[in-house]
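Here is the structure we will look at, set down as structure tokens.
The values are calculated or read from the model by the stated rules, or taken from the named source; none is laboratory data. This is a predicted model, so every value here is computed, not measured. Note that we place each Cβ from the backbone using ideal geometry, even for glycine, and neighbour counts take in every protein chain shown. Surface accessibility is based on the protein's heavy atoms, side chains included, excluding ligands, DNA and RNA. Shrake-Rupley method; radii C 1.70, N 1.55, O 1.52, S 1.80 Å.
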Amino acid sequence: MGHGAVVGLVCFPVKSMLGEEHERLVLDERGVAGDRLWALRYADGKLGSGKSTRRFRRTPGMLEYSAAYEDGGPVVTTPDGERLRPGDPRVPELFGAGVELVREGEVSHQDAGAVSLVGTASLRALGELLGDPEPVDVRRLRKNIVVETDEPWIEEGWVGREIAFDGGPRLRVVERVERCVMTTQAQRGLPADHRVLKTLTASRGMCIGVYADVVTPGTLALGAEVTVQ
């Protein structure tokens, strides 16, 4: 069954920072190549995040920083336009003593899934639930792949099924994505909006979009047609 085309692709090199839009993404066995491969790590081993859990420590302001890959490594751009690389002494100056920008080791920096995906109709539907005339800004939801759809929440019905893209990559949808407080936080270009998580909690069980595993690695391009099987 055909379901439109890919209209958005984003990689997030550093966990809980803004990412970079792409015309193409490489999908490998881990997920989107390079996605959330790096993170801020505190001296106690916790990772910097927009929330606090056993694994993560809430680090205010991370969504004001963006990250992109250059020459095979991550470059973090600060709100003031400074550029930081791993090992830069300004990292602990900005985020606290002992904080380092580190590459993933044996324990994944990812949350619950390899690749995240959402449909455009779901973005429109969430905007309507919020009482807004426009779709919710997908930047709040931090998805890797945005697919053009005409039915809200249809992607949630793909759990257990495979998605084939023109060019060869295939994903297997494994579960809905439960969102968190990061959807509400201010980020570069967007104000704080506490309605988002409240609305998702009340109407969608805190979920929007789906997680998927990579079945067939390959390169995914904007405009690739999507077939759900």
- So how many residues does region 96-150 have that are open to solvent by less than 30 Å² (accessible area, probe 1.4 Å), not small (Gly, Ala, Ser) and not in a loop (DSSP other than H, G, I, E, B)? 12
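Among Val196, Val210, which is over 20 Å from Val10 (Cα atoms), of a type in the set (A, V, I, L, M, F, W, C) and open to solvent by less than 20 Å² (accessible area, probe 1.4 Å)?
Numbers: Val210 fails: over 20 Å from Val10 (Cα atoms).
Exactly one of Val196, Val210 is over 20 Å from Val10 (Cα atoms), of a type in the set (A, V, I, L, M, F, W, C) and open to solvent by less than 20 Å² (accessible area, probe 1.4 Å), namely Val196.
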- Out of Val136, Val147, Val173, Val115, which single residue is over 27 Å from Pro217 (Cβ atoms), β-branched (Val, Ile, Thr) and touching a residue at least 40 places away in the same chain (Cβ under 8 Å)? Val136
- Message: Cβ contacts < 8 Å: first residue in a loop (DSSP other than H, G, I, E, B), restricted to region 41-58; second residue surrounded by fewer than 13 Cβ atoms within 10 Å (Cβ to Cβ), any location; separation 6+ or different chain. Result?
- Response: Tyr42/Gly98; Ala43/Ala97; Ala43/Gly98
- Please go through region 27-40 and pick out each residue that is open to solvent by less than 40 Å² (accessible area, probe 1.4 Å) and in contact (Cβ under 8 Å) with a residue 60 or more places away in the chain. Leu27, Gly31, Val32, Asp35, Arg36, Leu37, Trp38, Ala39, Leu40
- Val215 vs. criteria in contact with a Gly (Cβ under 9 Å, 6 or more places away or on another chain) and either open to solvent by 40 Å² or more (accessible area, probe 1.4 Å) or within 25 Å of Gly34 (Cα to Cα) (or both): no
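At least 2 residues that are touching a helix residue (DSSP H, G or I) at 6+ places or on another chain (Cβ under 9 Å) in each: list the strands (runs of 3 or more DSSP E) lying fully within region 158-229 that qualify. So that I can check it myself, show each step before the final result.
Numbers: elements: 162-165, 170-178, 207-216, 218-221, 225-228.
In region 158-229, the matching strands (runs of 3 or more DSSP E) lie at 170-178, 207-216.
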